[in-house]
1. Select, from 8, 17, the only residue that is in a helix (DSSP H, G or I) and of a type in the set (D, E, K, R).
2. Only one of (1) at pLDDT 95 or above; (2) open to solvent by 90 Å² or more (accessible area, probe 1.4 Å) fails for residue 22. Which number is that?
3. Limited to the stretch 35-56, what total is found for residues that are of a type in the set (A, V, I, L, M) and surrounded by 10 or more Cβ atoms within 10 Å (Cβ to Cβ)?
4. Among the residues that make up the stretch 59-76, is at least one of them open to solvent by less than 90 Å² (accessible area, probe 1.4 Å) and outside any helix (DSSP H, G or I)?
Amino acid sequence: MGKKDETRTRADAERARAAELREKRSIGRFLREVVAELRKVIWPGRRELITYTTVVIVFVAVMVALVAGLDILFAQGVIAVFG
């Protein structure tokens, strides 16, 4: 009977697993890991930030113009076909 005494009961195993999951899902641990990751980030300087922002705004403006142009073109095509 020595073997049976050494094994955990199912309830004990489930309690141990639940405690492990609580530890893994801890809000404090999550926040510590977030702060640690943010410290690794190389933040852009002011000049880089302005450059990146300008590039994004220009790209978005070009894409808006392209989509608007295609919309007008397709609208005219639909009107021409269906009257």
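The values are calculated or read from the model by the stated rules, or taken from the named source; none is laboratory data. Keep in mind that what you see is a predicted model, and the values were worked out from it rather than measured. Every residue, glycine as well, gets a Cβ built from its backbone with ideal geometry; the counts of neighbours run over all protein chains shown. Ligands, DNA and RNA are excluded from the accessible area calculation, which covers all protein heavy atoms including side chains. Shrake-Rupley method; radii C 1.70, N 1.55, O 1.52, S 1.80 Å.
1. Details: 8 fails: in a helix (DSSP H, G or I).
Every option except 17 fails the conditions.
2. (1)
3. The initial filter retains those residues of the stretch 35-56 that are of a type in the set (A, V, I, L, M), namely 35-36, 38, 41-42, 49-50, 55-56.
Retained after the next criterion (residues that are surrounded by 10 or more Cβ atoms within 10 Å (Cβ to Cβ)): 49-50, 55-56.
Qualifying residue count for the region: 4.
4. no
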